[in-house]
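Written out below as structure tokens is the structure these notes cover.
The values are calculated or read from the model by the stated rules, or taken from the named source; none is laboratory data. Quick caveat: nothing in here was measured; it's all calculated off a predicted structure. So basically every Cβ, Gly included, is an ideal-geometry build from the backbone, and we count neighbours across all protein chains shown.
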Amino acid sequence: MLVSSLSGFQGQAMVGTYAATKAFDLVLAESLWDELGPHGVDVLAFCPGATRTPNFLASQPRPTGVLSAPLMEPAATVAEALAALGHGPTAIAGRSNRLSALVLHRLLTRRALVRLMSRVTRAMYDRADG
């Protein structure tokens with residue numbers, strides 16, 4: 001299992017390197033899933049979404065109210081990851097996260113999606129406004 005992220009599905013201001021590494025994890029897992037599957041090896045790219053971990057909480061994100069899925073609990077996230085094994089190359093944790101990803105990626109152009117997610121990230125983390 002490789003831990004990817006919803007950020008790995010598009011570029012995003014302020015977290016470009018993070019998003020790029022998660023995109024790499026996503027593509028690598030999907031590739032290995034198909035390559036190793038015939039040999040009995042299951043590979044999964046798991047995208048947990050915002051999860052109540054010490055690192056996430058230490059980043060001090062501000063609530064945005066926009067596109068905000070409920071914060072996932074670690075035990076529930078792990079349970080979803082384990083349940084997803086054997087059901088395809090990619091899984092997204094949380095019904096809200098899955099619905100948001102489905103709707104946003106089907107309704108918006110890539111350009112609009114990058115702009116929207118960048119605005120959300122700025123709203124969560126940009127401290128320049130005092």
**Study point:** Residue in the stretch 56-78 that is surrounded by the most Cβ atoms within 10 Å (Cβ to Cβ), counting only those that are at pLDDT 75 or above and of a type in the set (Val, Ile, Thr)
**Key:** THR77
Point to revise | Subset of the stretch 85-130 (residues that are farther than 20 Å from VAL27 by Cβ and of a type in the set (A, V, I, L, M)) | key: LEU99, VAL103, LEU107, LEU108, ALA112, LEU116, VAL120, ALA123, MET124, ALA128
Review point. Of (1) touching a residue at least 12 places away in the same chain (Cβ under 8 Å); (2) within 29 Å of TYR125 (Cα to Cα); (3) over 13 Å from the mean Cα position of the chain (by Cα), ASP42 satisfies all except one. Which?
Key: (2)
Check your understanding: Out of (1) within 14 Å of HIS87 (Cα to Cα); (2) in contact with a Phe, Trp or Tyr (Cβ under 6 Å, 6 or more places away or on another chain), what's the single condition that is false for VAL3?
Key -> (1)
**Study point:** Hits in the stretch 83-111 (condition: surrounded by 12 or more Cβ atoms within 10 Å (Cβ to Cβ) and either among the basic types (Lys, Arg) or in a helix (DSSP H, G or I) (or both))
**Key:** ALA84, SER96, ASN97, ARG98, LEU99, SER100, ALA101, LEU104, HIS105
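Mind checking whether some residue in the stretch 67-78 is assigned to a strand (DSSP E or B) and of a type in the set (A, V, I, L, M, F, W, C)?
yes
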Review point. Among the numbered criteria (1) touching a Pro at 6+ places or on another chain (Cβ under 9 Å); (2) buried (at least 16 other Cβ atoms within 10 Å of the Cβ); (3) closer than 22 Å to VAL120 by Cα, which single criterion is violated by CYS47?
Key: (1)
**Study point:** Hey, ALA13 in contact with a helix residue (DSSP H, G or I) (Cβ under 7 Å, 6 or more places away or on another chain), in a loop (DSSP other than H, G, I, E, B) and of a type outside the set (D, E, K, R) or not
**Key:** yes
